[in-house]
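What follows is a short report on a single structure.
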Ligand code: PRX
């Protein structure tokens, strides 16, 4: 495989501190026992854990029904996800403990105990029922990082209405596509949210999305957050404070089938249309609960902070569902990491005595750039464990995190997983694993991860290959919403019986996994997946553009940056202003995350004889690398011309 190679050789090793290992939720002995149990009888292992960890209203008989790629876990069982997160804690000491400590970007604070959160979720559930939401109806949630976001998703879970959360940074067109794809009739949003001192007008974006499509939307429930003026459609729009706040705090949660869809979350794939990844209830509940406890070592006294947005899978699994099932105290922050100053995160850690901190490599690289002083002026001694997710972390960033934030004391868990996997798959266990900067280390007990060749054979140590999961696991995606063919082809197309994650990787002589990045047409910008096709479609929708090819280029801060090669329909006089216009157009169509770092105009794009754009060559050019294999190129002069234009 020519496109999967890595020269990274990291020799530094960090053994778990014996004092950490001693108190860890998962120590070496239990880890060994779990691994052996899973190897001995895979289904019995999962069945035992499911019965132990979840509150079942009705027990299951069949642990797994597997007809690749369709899995059903614990299928006769019945349960309620909100009950796992809330009700189960109400007759324990956790009842009066803080579930969410929230800080708004302007600085206001709110704390909700488990009991209070339960009451709010019940109110929201009652209000949704009153609006006519029924079990199975998809509810779109487009909110800033405020407690109502957690309340809304838990309320949906409580009434069996799958939620579809859309990240607040997405533009009206992206909202429209997702609402239409899911045929969602209800939207929960806010007037706005705060970001770097400005209001992001969320309700306006929803209005715009609904003005151009989504004819089936019946109601929009609106939280008042920023007090900016909003347009109002009387028969459609409802204020949260008019309905939810006055609803009853009593709600009897109904039990749903283990396989009942809990949520849809849209992510980028290789074709233009975003795909709605569907997760089921019980398996997802089980794995997010266990992984939170194992990987983050959560204890009752911890204050845990995952800095992701609930609009991404990380926020679903490790802000809301995993930590709440474990009765943890969650820190939640609305705004930007550098507002009002680049020390905002460390200020929050110090003031709230955060103990476990989970963020993305792109954020770590930004902190490095902003300078150590912002870190050093804060007391970070409350921290005891650090995590990263979203993209490979460069060893230098890992070491900075270890030294500056962790003071060489806190274990670092580099967690590899995906929207589709539901929960963490490959990660160090803080009391067990010797960590290596840049490696996500080893699969968790029960996760059957391998590196295989194109023929599906396991490859030897240090050989690049495809990262696959051979056995189904409880929190795996169940489908692509409304598109089982895409599910099958996308994940079980390359290897019939193995889940293919889309990542290239290698395993070193110690069995540690090194993720080398996506091998499909997906760009990872700041830990967020963007499909090249999506961005290309956005560019081509501009009248000046004839054809576009979008490729990644390595970027110190974002991991990867977007470079667009564009051919034009017409001659343009002012190419610079056209570049700016196209760049804004992409932001308008998809959102700010998709803004190209560079747009290059060209006469033609390199294509194979069958007419396929050779993005790999463009990526080489964009990155300043020597172009790889060009034997299938139809017209070699195109490449020389592109180079000359460089
Ligand atoms: O390429 C891998 C990268 O992010 C992809 C999944 O993206 P998404 O579904 O948006 O989920 C991100 C958060 C779970 C993967 O296919 N990725 C994620 N975590 C890591 C990673 N790459 C290397 N190391 C990681 N720890």
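Since every read-out is calculated from the coordinates, none of them should be taken as a lab result. Not measured: the values here are computed from a predicted model. Cβ: placed from backbone, ideal geometry, glycine included. Neighbour counts: every protein chain shown.
A compact table of results
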item: Rounded Å value of the spacing that divides the Cα centres of segment 118-152 and segment 224-275; result: 5
item: Square roots of 5 times each gyration tensor eigenvalue, C-alpha, the chain, largest first, Å; result: 36, 31, 25
item: Mean Cβ neighbour count within 10 Å, used as a protection proxy, ranking 163-173, 375-385 highest first; result: 163-173, 375-385
item: Förster radius 45 Å - calculated FRET efficiency between residue 96 and residue 557, Cβ distance, rounded to 0.05; result: 0.60
item: Calculated P(r) of segment 522-645 - Cα pairs past 25 Å, %; result: 20
item: The chain: antiparallel DSSP beta bridges as a percent of all, rounded to 5; result: 60
item: Antiparallel bridge percentage (DSSP; both residues within segment 203-357; nearest 5); result: 45
item: Theoretical ellipticity at 222 nm over the chain - DSSP helices of four or more residues, -39500 (n - 2.57) apiece, nearest 500; result: -8500 deg cm²/dmol
item: Peptides 95-108, 49-62 ordered by average Cβ neighbours within 10 Å, highest first; result: 95-108, 49-62
item: Taking the C-alpha atoms of segment 40-122, convex hull volume expressed per residue in Å³; result: 167
item: Highest average packing first - 405-412, 456-463, Cβ atoms within 10 Å; result: 405-412, 456-463
item: Cα centroid separation, segment 479-551 to segment 53-96 (Å); result: 31
